[in-house]
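Okay, so here's the structure we're looking at.
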Amino acid sequence: MEKLKAWLKKNMVIVFLIGLCIGFGVTTDTFFTTKNVMNLTSQMAINALLATGLTYVIILGGIDISVGSVAALAGVFSAMVGLMFPEMSVFMSILILVFSALFIGTICGFFNGIMVTKFNVVPMITTLATMTIARGVTYIITGGTAVFGLPSQFSWLGAGRFLTSESHPNGIIPIITIFTVIVVALMHILLAKTVFGRHVYATGSNMQVAHLSGINTSKVILQSHILCSIMAALGGVLVASKLQNGQPGACEGYEMYAIASTVLGGTSLAGGSGSVARAMFGVAIIAVINNGMNLLTISSYWQKVVIGSIILLAVIFDMSQKKKA
Amino acid sequence: MKKFLSVLLCATMVLGLSACGSSKPATEGEADADNGAAEEQLTLGFIVGSREHVFYNLIEDGIKNASEELGFKAIILDGELDSNVTSDHINNLVAQGVDAIALSCNDPGGTTPAMEAADKENIPVFTFDCTSEVTDVVKCFVGTDNVEGGRLGGQETVRLAEAGQTVGIINFDEPQSCIDRRTGWEEVVNASDKGLDIIDIGNYEGDAAKAEQLMSDALSAHNNDISVVFAVGDPAATGALAAIKAAGANTKIIGFDGNPEAKAAILDAENGKYWVSEISQNPMEIGKQISQNMMDYLKNGSVAEEKVMIAPYIITEENAAQ
């Protein structure tokens, strides 16, 4: 009994998530339909990638508010590259998307990382600058217009689905979901099971101690920023693929949802603790609330109020638990 | 010292911006130089809503064309859809001594004091795209009749839907233009004798990905049984298109704006099955008309009409290629 209580306290997010699902399951006819559950997982994908990258940076005690802009830049970049290959195959389109994400992500992440480690600019300011610059570049290269005219193969990764059947002519399982699960799982293992991951935690809990014990903390911070931006860029190219269209205004404000998800999942903004897997519960909570409230046709204004309140409650609860422990 | 530096910085930025803005040969410096030579040339200041929207970029093109045609110097600034930025631009234009100012008055409440101040300095103020009902200093307004555009969207909705079917709207609750489109659309759809069931798909906040999510959730909630969706802006239509294709639904889309991607989608063999109609504005014409009216006012002291409404029009497969 005591054990159960302890587990419940530790895993309040999971309990809360299940409660939410049951709540929406009871109040709507459609929440638990295969189609809606599959939609839900595809709606989580972008935020899941953003939150995964942010988990690394936040564990280091930093922050990255440029993820939304980096995502938009990578999205329009991939669409522009895609336009050069009108006869692309599906395989080719995946190459284009992943290459664009790696390219833009590495540049932006490297810039963030160098500013933080070499020039000692605080992450908030560095990434604020990157946020503005990346958005500006996005508008410059597109001239403010959507990048359109891409072949349908381009949207395989973002909008395609596996398992077509008679009742589901377009397929059941979103490819974007499978892709995201694989990437997130790899990123979770990298953080939880490798030496690099332990260096991230060590640097985040106490930089000086980590440095004295022989960890190249600057390198860890730089690599984490690159990973974070690559994740954001992956999210962005998936949006472009999903919409078959590069939108310069895409992903505006997504950094806030990603940060909220990470915090909801128990990652402390003070650094030193957190996990990618737990951040996914935060991602799921926000997605379920949005989806459920859409199904109930509750106004988006109220959705904002509810999500804000839940974040606040989750953090207060989390802090009270840590004090006791 | 700090204050001085920040003022200096702002000044350079404003200069830099306006220099970037006007691609035509007459730049700030040259204008000062040839003021003596061609004293007749008038300088008109324009503040577009935001350079981040194709719509305003096209208005800007219309203004630039008019400036060549009518022979005035245009200073075009980006209001960033922020009344504070817009007000600062108005004050700066007054300080620069322009002959008239036209702005896209997206937030009438916030920009009214600056507009009235300019009027007191005897610089006539005009509005385009959005106007202010709060003040009476506006000499002339040129804009799209968005309520009428919404009505056209409503007509198309009624045309495409069969009796008793469900039709939806993806709206954007903040800009007045989008609220007007919704008003016009609801008016026509409600009045139709087809007995259509209206659902509110939600506020897409200008984000195509958000529109995609709203649309897929609405399709789930109604078992794909949505016959027509009216999107108050093209990003919403883009998102809806992705959602409809993923859900395997057969919903028809009516977009609004007339952006290039809308025309491409309507003409596309695959996307054109869903995105069948578009309500288009005429931003180039807005730019032309506002310039014309400003020049008329400066010459004659009055304009022919205080409110010039540019009619939106319907684009379908037949006229999308034009």
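The values are calculated or read from the model by the stated rules, or taken from the named source; none is laboratory data. Model, not experiment: these values are computed from the prediction. Every residue, glycine among them, receives a Cβ derived from its backbone with ideal geometry; neighbour counts consider all protein chains shown.
Here are the numbers for the structure shown:
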item	result
For residue A:299: the one exception among (1) more than 10 Å from every other protein chain (Cβ to nearest Cβ); (2) without any contact (Cβ under 8 Å) to a residue 12 or more places away in the chain; (3) under 30 Å from residue A:160 (Cα atoms)	(1)
Those residues of the stretch A:126-146 which are small (Gly, Ala, Ser), in a helix (DSSP H, G or I) and either more than 10 Å from chain B (Cβ to nearest Cβ) or touching a Phe, Trp or Tyr at 6+ places or on another chain (Cβ under 9 Å) (or both), in sequence order	A:129, A:134
Residue selected from the stretch A:152-179 under the condition modelled with pLDDT of 90 or more and not in a helix (DSSP H, G or I), by the criterion nearest to the other protein chains (Cβ to nearest Cβ)	A:174
Search result, residues across the stretch A:127-163 that are among the β-branched types (Val, Ile, Thr) and within 24 Å of residue A:95 (Cβ to Cβ)	A:137, A:138, A:141, A:142, A:147
All strands (runs of 3 or more DSSP E) inside the stretch B:224-322 with 1 or more residues being within 12 Å of chain A (Cβ to nearest Cβ), surrounded by fewer than 24 Cβ atoms within 10 Å (Cβ to Cβ) and among the hydroxyl-bearing types (Ser, Thr, Tyr)	none
Matching option when the condition is part of a helix (DSSP H, G or I) and in contact with a Gly (Cβ under 8 Å, 6 or more places away or on another chain), among B:154, B:110, B:195	B:154
Residue list for the stretch A:225-247, filter: within 10 Å of chain B (Cβ to nearest Cβ) and of a type in the set (Val, Ile, Thr)	A:239
Hey, residue A:269 within 23 Å of residue A:70 (Cβ to Cβ) and either surrounded by fewer than 20 Cβ atoms within 10 Å (Cβ to Cβ) or in contact with a Phe, Trp or Tyr (Cβ under 6 Å, 6 or more places away or on another chain) (or both) or not	yes
Residue tally, condition assigned to a loop (DSSP other than H, G, I, E, B), closer than 27 Å to residue A:27 by Cα and either in contact with a helix residue (DSSP H, G or I) (Cβ under 7 Å, 6 or more places away or on another chain) or of a type in the set (Ser, Thr, Tyr) (or both), over the stretch A:260-310	4
Qualifying residue in the stretch A:182-194 (condition: at pLDDT 95 or above, over 22 Å from residue A:282 (Cα atoms) and either out of contact with any Ser or Thr (no Cβ under 7 Å at 6 or more places or on another chain) or part of a helix (DSSP H, G or I) (or both))	yes
Hey, residue B:136 closer than 28 Å to residue B:46 by Cβ, among the acidic types (Asp, Glu), away from chain A (no Cβ under 14 Å) and assigned to a loop (DSSP other than H, G, I, E, B) or not	yes
Boolean, residue B:67 is within 24 Å of residue A:140 (Cβ to Cβ), more than 14 Å from chain A (Cβ to nearest Cβ) and either outside any strand (DSSP E or B) or in contact with a helix residue (DSSP H, G or I) (Cβ under 9 Å, 6 or more places away or on another chain) (or both)	yes
Residue check, residue A:231 closer than 25 Å to residue B:212 by Cα, surrounded by fewer than 19 Cβ atoms within 10 Å (Cβ to Cβ) and of a type outside the set (Phe, Trp, Tyr)	no
In the stretch A:1-21, the residues that are modelled with pLDDT of 85 or more and small (Gly, Ala, Ser)	A:19
Qualifying residue in the stretch A:126-147 (condition: within 28 Å of residue A:33 (Cα to Cα) and either more than 17 Å from the chain's Cα centre (by Cα) or surrounded by 15 or more Cβ atoms within 10 Å (Cβ to Cβ) (or both))	no
Any hit, the stretch A:161-168, residues being in contact with a helix residue (DSSP H, G or I) (Cβ under 6 Å, 6 or more places away or on another chain) and small (Gly, Ala, Ser)	no
Residue count, the stretch B:76-86 (criterion: surrounded by 22 or more Cβ atoms within 10 Å (Cβ to Cβ) and either within 14 Å of residue B:115 (Cβ to Cβ) or without any contact (Cβ under 8 Å) to a residue 60 or more places away in the chain (or both))	3
Filter result (aliphatic (A, V, I, L, M) and under 26 Å from residue A:32 (Cα atoms)) within the stretch A:293-323	A:293, A:295, A:296, A:298, A:305, A:306, A:307, A:310, A:311, A:314
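Yes/no per residue for (1) within 14 Å of chain A (Cβ to nearest Cβ); (2) under 25 Å from the mean Cα position of the chain (by Cα); (3) surrounded by fewer than 24 Cβ atoms within 10 Å (Cβ to Cβ):
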{"site": "B:159", "(1), (2), (3)": "no, no, yes"}
{"site": "B:163", "(1), (2), (3)": "no, no, yes"}
{"site": "B:167", "(1), (2), (3)": "no, no, no"}
{"site": "B:174", "(1), (2), (3)": "yes, yes, yes"}
{"site": "B:193", "(1), (2), (3)": "no, no, yes"}
{"site": "B:203", "(1), (2), (3)": "yes, yes, yes"}
{"site": "B:217", "(1), (2), (3)": "yes, no, no"}
